[in-house]
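Remarks on the structure that follows.
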Amino acid sequence: MSEGLYTQLLDLACGAFLLAAVIVLWRRELTAIVRVFALQGLALGVIAVVLGAHEERWDLIVIGVGIGVLRAGALPYLMRRALTALTADHTYSEEVRETQPLVNVAASLLTAALLTLLAYVVAQPLTELNPTPATRALPVGLAVVLIGFFVLVTRRRALAQVVGFLLLDNGITATAFLATSGVPLIVELGVSFDVVLAVLVLQILTTRMRAAFGTTDIDDLRELHD
């Protein structure tokens with residue numbers, strides 16, 4: 001792979017990766033959010049494959065394909081199953097939309113822009129140490145980490161918070177790939193299984209919450225506790 005093609009593909013994949021995180025803040029329908037998360041998982045897999053192809057590392061290519069299957073296929077499938085259960089019961093049809101986030105859409109998008117700027121400022125000393133195409137894209141991973149945390153703390157629906165947690169994990173994974181040109185296969189497999197287990201547990205908890213309290217709105221549950 002030529003250096004020019006490598007740089008273009010990596011920049012395109014990183015741009016799609018960051019754009020997906022911003023779109024999650026823009027959309028309120030949980031079905032749309034899950035689709036966008038799947039696209040981000042695909043972009044993350046492409047980042048790993050492009051790095052592996054450039055460095056001629058088959059292990060990194062295998063990891064990229066595995067990430068694409070897991071984060072663009074398996075995890076969105078689990079979340080769609082949870083949404084299907086909500087849609088099937090018309091009593092909880094309002095649960096499939098993030099109606100009242102703690103921060104509105106306009107303010108969320110502005111915050112995403114500020115967090116992205118902060119990521120570029122923080123990562124600048126690192127990129128100057130080794131100014132390769134991968135390290136120059138390092139702020140993208142850091143920005144997605146910050147945006148994922150922002151989603152996690154500003155969304156009311158439990159499933160939307162699950163997406164925020166997964167965005168945070170995707171950002172950490174992308175940062176590891178861009179900073180170190182990948183992680184060992186066994187490490188990535190261990191992390192991926194932990195993420196799947198976390199999503200399964202959160203899905204079960206969401207179902208139990210809905211059955212017990214009739215809602216997955218975290219603020220409503222706090223009011224019940226009070």
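The values are calculated or read from the model by the stated rules, or taken from the named source; none is laboratory data. The model shown is predicted, which means the values in this text are computed figures rather than measured ones. Positions of Cβ are generated from backbone atoms using ideal geometry, with glycine treated the same way; all protein chains shown enter the neighbour counts.
For first residues located in the stretch 56-76 and part of a helix (DSSP H, G or I), partners that are among the acidic types (Asp, Glu) and buried (at least 19 other Cβ atoms within 10 Å of the Cβ) and lie 6+ apart or on another chain with Cβ distances below 9 Å form the pairs Ile63/Glu188; Gly66/Glu188; Ile67/Glu188; Arg71/Asp169. For residues that are in contact (Cβ under 8 Å) with a residue 60 or more places away in the chain and farther than 12 Å from Gly141 by Cβ, tally how many sit in the stretch 112-128. Number satisfying all stated conditions: 1.
Asp11 meets the conditions (1) farther than 12 Å from Val140 by Cα; (2) in contact (Cβ under 8 Å) with a residue 24 or more places away in the chain; (3) among the charged types (D, E, K, R) in every case but one. The failed one is (1). Criterion applied to Asn170, Asn130 was being modelled with pLDDT of 85 or more and either of a type in the set (Asp, Glu) or closer than 30 Å to Glu3 by Cα (or both), and the one residue passing it is Asn170. Scan the stretch 15-55 for residues that are in contact with a Leu (Cβ under 8 Å, 6 or more places away or on another chain) and in contact (Cβ under 8 Å) with a residue 60 or more places away in the chain and the total you get is 16. Restricting attention to the stretch 82-126, the residues being at pLDDT below 85, surrounded by 11 or more Cβ atoms within 10 Å (Cβ to Cβ), assigned to a helix (DSSP H, G or I) and of a type outside the set (Asp, Glu) number 10.
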